[in-house]
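Structure record follows, encoded as structure tokens.
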Amino acid sequence: MFTSENAAEYGAKGKRGPSRFRSLIIDSVDSEEALSIFRKLRDKAAEGDMDAIKTYLAYVVGKPKESLEISGPNGSVLTFNIIPDQGCQPIGAEV
């Protein structure tokens, strides 16, 4: 059974930082080995392997940010009235 201690120790991310297992893996890989693996991933992507392409681009370019489109009723355009600041102070602000 998984408890909060087991989850934190064996892979779950949390406030405690990376899991002990993940840290052991990271510590066991040297930079040359990591570069060699990344080059193999790059080569597989260049050969047309779609999974390799997705992974490679996710690390090189980054994953695209999720976007949210907000519209009015029935897809109409939302309009906003901008009211100029007339010296109003936020609640709790020192005057």
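Values quoted throughout were computed directly from the atomic coordinates according to the rules given, and no laboratory measurement underlies them. On a predicted model such as this, the values are computed, not experimentally measured, just so you know. As a convention, Cβ positions derive from the backbone with ideal geometry for all residues, glycine included, and neighbour counts pool all protein chains shown.
Remarks
- Taken over segment 53-81, the criterion of being part of a loop (DSSP other than H, G, I, E, B) and either at positive phi or surrounded by 10 or more Cβ atoms within 10 Å (Cβ to Cβ) (or both) is satisfied by Gly62 alone.
- Scanning segment 30-52 for residues that are exposed (fewer than 11 other Cβ atoms within 10 Å of the Cβ) and part of a loop (DSSP other than H, G, I, E, B) yields Asp30, Glu47, Gly48.
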